[in-house]
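J.: My questions all concern the structure below.
The values are calculated or read from the model by the stated rules, or taken from the named source; none is laboratory data. Here the structure is a predicted model, which is why all the values come from computation and not from measurement. Here Cβ is always computed from backbone atoms with ideal geometry, including for glycine, and neighbour counts include all displayed protein chains. For the accessible areas, the whole protein counts, side chains as well, though only heavy atoms, and no ligand, DNA or RNA atoms are used. Shrake-Rupley method; radii C 1.70, N 1.55, O 1.52, S 1.80 Å.
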2 protein chains.
Amino acid sequence: MSRPLPAGATIGILGGGQLGRMLSVAAARLGYRTHIYEPAANPPAGDVAHRVTTAGYDDLPALGDFARSVDIVTYEFENIPTSALDALEAQCPIHPNRRALAISQDRLIEKAFLHDLGIATAPFAAVDDAGDLAEALDEIGTPSILKTRRLGYDGKGQARLDSTGDAAAALAAISGAPAILEGFIDFSREVSVIAARSLSGEVTAFDPGENVHRAGILRTTTIPARLSEAQRTDAVFLAGRILNALKYVGVMGVEFFVTRKGLIVNEIAPRVHNSGHWTQNGCAVDQFEQHIRAIAGWPLGDGARHADVVMENLIGDDIDRVPAIAREANAAIHLYGKAEARPGRKMGHVNRIVRR
Amino acid sequence: MSRPLPAGATIGILGGGQLGRMLSVAAARLGYRTHIYEPAANPPAGDVAHRVTTAGYDDLPALGDFARSVDIVTYEFENIPTSALDALEAQCPIHPNRRALAISQDRLIEKAFLHDLGIATAPFAAVDDAGDLAEALDEIGTPSILKTRRLGYDGKGQARLDSTGDAAAALAAISGAPAILEGFIDFSREVSVIAARSLSGEVTAFDPGENVHRAGILRTTTIPARLSEAQRTDAVFLAGRILNALKYVGVMGVEFFVTRKGLIVNEIAPRVHNSGHWTQNGCAVDQFEQHIRAIAGWPLGDGARHADVVMENLIGDDIDRVPAIAREANAAIHLYGKAEARPGRKMGHVNRIVRR
């Protein structure tokens, strides 16, 4: 067992959004300070952090100063430029590790990694040009979806194909970027597992949650998910295999499709995950603290839930419902301190505790 | 119903200790920023606050700047000098109000206030000199305890009298400061109620907790307290009467002795209270959020508990037990980020969730 990070040490967090904010509070609860690195001014995490650096990911001197001021570095999002990681890693450890980041940054590498582990995914094929796409359509058919390998946002970088005749338009829609074609999955529901692996290799997972998306954005997570006992065990087991294969340290979110043929991994996120917010009000140790425990060399919390929870994201104008939600019994409100409620912007969430 | 403080507003908190720290986190969760005012450098609350001012309570220019930078002011402790309150109140509202502070700052005024409300307390009498003490001993007898009217710390400013012969020594022990003599109470247990009153006059209370002290310091609070249904109702009702009588806004801790003749109020604290820390893991809305809701013009949370909890304070060397506690199931750890573990110093607490 590694020596834990000493009390009063500083954890650097790349990204100052709501995930960084909630990580910062959890770090404080375990006696640590945080230093937030974020290009945008007045980040949500800055309201609850010891220190904030406002600088871009291309500002290597600022990254160096940041890394020298902290004891370890973690992150709240996966699209960190390689050059920034190089600059940081020269000064101090980064958890989760770069392999996890590299895999989650590229849909093709992610799918190939899962495939090599023998874990089921949607059928996929690499597409770099029109010839590749024609071959991929032969193999996978339609309906299918062409996605850039590197992450787009808000459904950008994706194009649906309902017939082979859509090929040219789909390639144009993603501007010919390196891509993969994914077959559509016929699934009954989507669930996710928030799992953690410690520095000493201990692995644990919270109970799977059932997710509902709208317009590509998570709306609700319900605990427990409607899964058979075998499916539940399978989901946790698959998440554990992914963490172990990566020698991962920290919390990971693993999204699954539930199909008639079993569980299929949709995607992995090498960080705390929106579908794990329910743990704040359902568990003694929430996902944010679990992540800090993992990267700081603590034993993991046991993850057992003491209450059922339905988590609802407050997106855009949903923030106007807060006064009504504040009058509900058993509703725990978590706002992110964002000034402007733009459409699609995550402004907060509510954990509704279901008494058992 | 008053208009709530708008999202993004700043709440000023006098005092940067652990109560200020946990208030700051709760304020952020409701979308507010905090500005901590604290004489000592590197206060625990500073790790989770938007801004910190390090200045004394006699620094009137600093107090003025602080008050102008915030929308409302609250506090985490009751011994704020009157001159500081005057300087602040000239700029912005302070909750809870000054009457509550004045009462809790002076044991005689507090006892007289409760007596006027018809609420039972220990027998008491004002003692300004040896003549008063002789009269008070005639009336109250021994064993009894001579306490300075203004708060001492760690049992300072108190002297026990086992016979009238102890009078001179007791007066000397408190250096002849204005005092009260209190009769000893024969009680079976101590319980406390954490109650809240909103800007619109709504009152609510969390379930009473049962407190165990050692060497004058709270060690554990157990929820639920061992009380009859009548005692439970009585405790909550008495707390509500106190809040209403003061037109109080915010959270108050009311400590009771349970005696054969009924409940006796030991003392009131016009702030969040150590015996309410259990609410962090037992309720959807904890005492810190309840206080912020009250002073920010929100509706109060309903205070119902979804789990039983035993709260244990981690005092001084208790901090060395954290690695073992971290391995317990259902133990929620809350550390305060204090660098040095001095004897008697509150370093953190653990909420052990008891599944129901």
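J.: What pairs in A:LYS338/B:LYS346; B:LYS111/B:LYS346; A:LYS346/B:LYS346; A:LYS261/A:LYS338 have C-alpha atoms more than 31 Å from each other?
T.: Those over the limit are A:LYS338/B:LYS346; A:LYS346/B:LYS346; A:LYS261/A:LYS338.
J.: In nm, what is the difference between 0.36 nm times the number of residues separating B:ASP129 and B:ALA9 and their Cα-Cα distance?
T.: Length gained, B:ASP129 through B:ALA9: 38.3 nm.
J.: Would you tell me the accessible area of A:ARG293, worked out with a 1.4 angstrom probe on the heavy atoms of the protein chains, in Å² to the nearest 10?
T.: A:ARG293 has an accessible surface of roughly 0 Å² with all protein chains in place.
J.: Here is a further query. If I model a spin label as a point 7 Å beyond the Cα along the Cα-Cβ vector, how far apart are those points for B:ARG321 and A:SER83 in nm?
T.: Here the modelled spin labels are 5.3 nm apart.
J.: To continue, here is another question. Using a label point 7 Å beyond Cα on the Cα-Cβ vector, give me the inter-copy distances for B:CYS92 in nanometres, one decimal, shortest first.
T.: 3.2
J.: I've got another one for you. I need the inter-copy label distances for B:LYS261: point set 7 Å along Cα to C-beta, values in nm with one decimal, smallest first.
T.: 8.1
J.: Cβ neighbours within 10 Å, averaged per peptide: list B:10-18, B:323-331 in order, most packed at the top.
T.: B:10-18, B:323-331
J.: Where the only charges are on Cβ atoms (+1 Lys, Arg; -1 Asp, Glu), what is the dipole of chain B about its Cα centre, to the nearest 20 debye?
T.: Taking the Cα centre of chain B as origin, the dipole is about 1160 debye.
J.: Counting Lys and Arg as +1 and Asp and Glu as -1, what is the net charge of the other residues whose Cβ lies under 9 Å from the Cβ of A:MET252?
T.: Result for the local shell: +2.
J.: Quick one: divide the alpha-carbon radius of gyration of segment A:210-317 by 2.2 N^0.38 Å and tell me what you get.
T.: The reported ratio for this selection is 1.08.
J.: Here is a further query. Tell me what the protein assembly as shown gives for mean residue ellipticity at 222 nm when only DSSP H runs of n ≥ 4 count, each as -39,500 (n - 2.57), the sum divided by the residue total, rounded to 500 deg cm²/dmol.
T.: Rounded to the nearest 500, it is -8000 deg cm²/dmol.
J.: Using the beta-carbon distance between A:ARG51 and A:ALA177 and R0 = 41 Å, what value does 1/(1 + (r/R0)^6) give for FRET efficiency, to the nearest 0.05?
T.: In this case the efficiency is close to 0.65.
J.: Excluding ligands and nucleic acids, what accessible area in Å² is computed for B:THR220 using a 1.4 Å probe, to the nearest 10?
T.: Here the residue's solvent-accessible area equals roughly 40 Å².
J.: Now, a different point. Just read off the accessible area of A:ARG321 with the full protein assembly in place, 1.4 Å probe, to the nearest 10 Å².
T.: We get 90 Å² for A:ARG321.
J.: Evaluate the distance, in nm, between pseudo-label points positioned 7 Å from the Cα of A:HIS213 and of B:ILE109 along their respective Cα→Cβ axes.
T.: 6.1
J.: Could you run the Karplus curve 6.51 cos²θ - 1.76 cosθ + 1.60 with θ = phi - 60° over segment A:267-275 and give me ³J(HN,Hα) per residue in whole Hz, x for Gly and Pro?
T.: 7, 10, 10, x, 5, 4, 9, 3, 6
J.: Ballpark to the nearest 100 Å², how much total accessible area do A and B bury together, probe 1.4 Å?
T.: 3200
J.: Further, regarding this structure: Can you work out the FRET efficiency for the pair A:LEU117 and B:ARG355, with r the C-beta to C-beta distance and R0 = 35 Å, to the nearest 0.05?
T.: 0.50
J.: Principal axes first, then extents: for the Cα atoms of segment A:1-122, list largest minus smallest coordinate on each axis, whole Å, largest first.
T.: Largest to smallest, the principal-axis extents are 43, 35, 27 Å.
J.: Out of residues 5 or more away from A:HIS306 or on other chains, whose amide H comes under 5 Å of its own, with H placed 1.01 Å from N in the peptide plane?
T.: Hits under the 5 Å cutoff: A:CYS283, A:ALA284.
J.: At B:GLY201, label 7 Å along Cα→Cβ: distances to the other copies, nm, ascending?
T.: From this label point to the equivalent ones elsewhere in the assembly: 6.7 nm.
J.: Got the relative contact order for segment A:157-262 handy, in percent, Cα pairs under 8 Å and 6 or more residues apart?
T.: Computed value for segment A:157-262: 32 percent relative contact order.
J.: Within 10 Å of each Cβ in B:253-264, how many Cβ atoms from other chains are there, averaged over the peptide?
T.: Neighbouring Cβ atoms belonging to other protein chains average 0 per residue here.
J.: Heavy-atom accessible surface, probe 1.4 Å, ligands and DNA/RNA ignored: which residues of segment B:312-356 lose at least 50 Å² versus the isolated chain?
T.: B:ALA326, B:ARG327, B:ILE333, B:LEU335, B:ARG355
J.: Per residue of segment A:42-47, in order, report the coupling 6.51 cos²θ - 1.76 cosθ + 1.60 (Karplus, θ = phi - 60°) as ³J(HN,Hα) in whole Hz, putting x for Gly and Pro.
T.: 6, x, x, 5, x, 6
J.: Further question on the same structure: Quick one: what are the phi-derived ³J(HN,Hα) couplings along segment A:231-245, Karplus 6.51/-1.76/1.60 with θ = phi - 60°, whole Hz, x for glycine and proline?
T.: Per residue, the Karplus-derived 3J(HN,Hα) values read 5, 4, 4, 4, 4, 5, 5, 5, 4, x, 5, 5, 4, 5, 4 Hz.
J.: So what is log10(I(q)/I(0)) for the protein assembly as shown at q = 0.10, 0.11 1/Å, when the Debye sum runs over its Cα atoms only?
T.: -0.97, -1.14
J.: I would also like to ask the following. Give me the percent of the accessible area of chain B that comes from carbon and sulfur atoms, probe 1.4 Å, all protein chains in place.
T.: Looking at chain B in its full context, I get 51 percent from C and S.
J.: Next question, about the same structure. Per residue, how large is the accessible surface of segment A:1-158? Use a 1.4 angstrom probe and give square angstrom.
T.: Averaged over the residues of segment A:1-158, the accessible area is 41 Å².
J.: Given the alpha-carbon gyration tensor of chain B, what are the semi-axes of its equivalent ellipsoid in whole angstrom, ordered largest first, with each equal to the square root of 5 times an eigenvalue?
T.: For chain B, the ellipsoid semi-axes come out as 31, 25, 21 Å.
J.: I've got another one for you. What's the local net charge at B:ARG21, with K and R +1, D and E -1, over the other residues with C-beta under 9 Å away?
T.: -2
J.: Hey, how many Å between the Cα centroid of segment A:328-356 and the Cα centroid of segment A:132-195?
T.: For segment A:328-356 versus segment A:132-195, the Cα centre distance is 32 Å.
J.: Quick one: ranking B:ASP65, B:ASP320 by accessible area, 1.4 Å probe, largest first, what do you get?
T.: Largest accessible area first, the residues go B:ASP320, B:ASP65.
J.: Related question: Applying 1/(1 + (r/R0)^6) with R0 = 45 Å to the Cβ-Cβ distance of A:ASN42 and A:ARG226, what FRET efficiency is obtained, to the nearest 0.05?
T.: The computed FRET efficiency comes out at 0.65.
J.: A further question on this structure: Return the average number of partner chain Cβ atoms within 10 angstrom of each residue Cβ along peptide B:3-13.
T.: The per-residue average across the peptide is 2.
J.: Find the relative contact order for chain A and round it to a whole percent, using C-alpha pairs within less than 8 Å whose residues are 6+ positions apart.
T.: Worked out over chain A, it gives 14 percent.
J.: Another question, then. Relative contact order, percent, of segment B:241-356 when contacts are C-alpha pairs under 8 Å separated by at least 6 residues?
T.: Taking the mean separation of contacting Cα pairs over the length of segment B:241-356, I get 22 percent.
J.: Using only the C-alpha atoms of segment B:264-356, find the volume of their convex hull and express it per residue in Å³.
T.: Considering the Cα atoms of segment B:264-356, their hull volume per residue is 135 Å³.
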